[in-house]
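Have a look at the structure below, then the notes.
The values are calculated or read from the model by the stated rules, or taken from the named source; none is laboratory data. Fair warning: this is a prediction, and the values are worked out from it, not measured in the lab. In this analysis, Cβ positions are derived from the backbone assuming ideal geometry, glycine residues included, and neighbour counts consider all displayed protein chains. For accessibility, only protein heavy atoms count, side chains too; no ligands or nucleic acids. Shrake-Rupley method; radii C 1.70, N 1.55, O 1.52, S 1.80 Å.
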Amino acid sequence: MMNKAIELSKENMCNNNGGPFGAIIAKDNKIIGKGWNCVTGSNDPTAHAEVQAIRDACKNINTFDLSGCEIYTSCEPCPMCLSAIYWARLNKIYYANTSQDAADINFDDSFIYSEIKKSKNQRQIPLQQLMQKEALTVFKLWQKKEDKILY
């Protein structure tokens with residue numbers, strides 16, 4: 001599985017689809033999702049290999065819950081991908097290159113990790129809350145909704 005993830009990273013990097021990252025999602029030793037970095041090819045900053053593999057796997061098995069699945073990724077996941085992996089409920093992460101290896105070739109996530117640790121008012125991108133009262137009405141409707149699908 002890891003060989004396939006690394007192969008995807010190389011193939012798609014060489015085809016100028018994006019950076020040198022690939023990922024595979026497997027369930028019961030069968031590949032159910034594939035992804036590679038498509039950031040520059042799609043002009044989508046969220047099109048990382050792991051996110052693409054999650055999207056592919058969910059589409060292929062028709063669910064948003066990937067419990068019982070594992071991800072093989074050519075590099076330790078960035079903060080966004082790690083969050084997506086948790087949201088998808090994957091059971092295990094296997095990775096090849098480390099985040100330091102990525103930083104060494106100018107894919108450095110240390111800035112994001114440091115921003116997450118800061119209080120909201122100290123982050124580089126300002127956060128400003130607006131219209132909480134109005135937005136809470138939708139949350140209250142959600143709480144009462146009888147046919148909601150929990151996730």
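For this structure, a couple of remarks:
- Members of the range 89-118 found to be hydrophobic (A, V, I, L, M, F, W, C), part of a loop (DSSP other than H, G, I, E, B) and open to solvent by 50 Å² or more (accessible area, probe 1.4 Å), listed by number: ILE105, PHE107
- Qualifying residue in the range 54-66 (condition: part of a loop (DSSP other than H, G, I, E, B), within 16 Å of MET1 (Cβ to Cβ) and either open to solvent by less than 20 Å² (accessible area, probe 1.4 Å) or out of contact with any strand residue (DSSP E or B) (no Cβ under 7 Å at 6 or more places or on another chain) (or both)): yes
- Scanning the range 47-88 for residues that are of a type in the set (Asp, Glu) and closer than 18 Å to ILE31 by Cα returns GLU50, ASP56, ASP65, GLU70.
- Positions within the range 1-41 being in a loop (DSSP other than H, G, I, E, B) and either touching a Leu at 6+ places or on another chain (Cβ under 7 Å) or open to solvent by less than 20 Å² (accessible area, probe 1.4 Å) (or both), in sequence order: GLY18, GLY19, ASN37
- Of all residues assigned to the range 68-77, none qualifies as being at pLDDT 95 or above and open to solvent by 100 Å² or more (accessible area, probe 1.4 Å).
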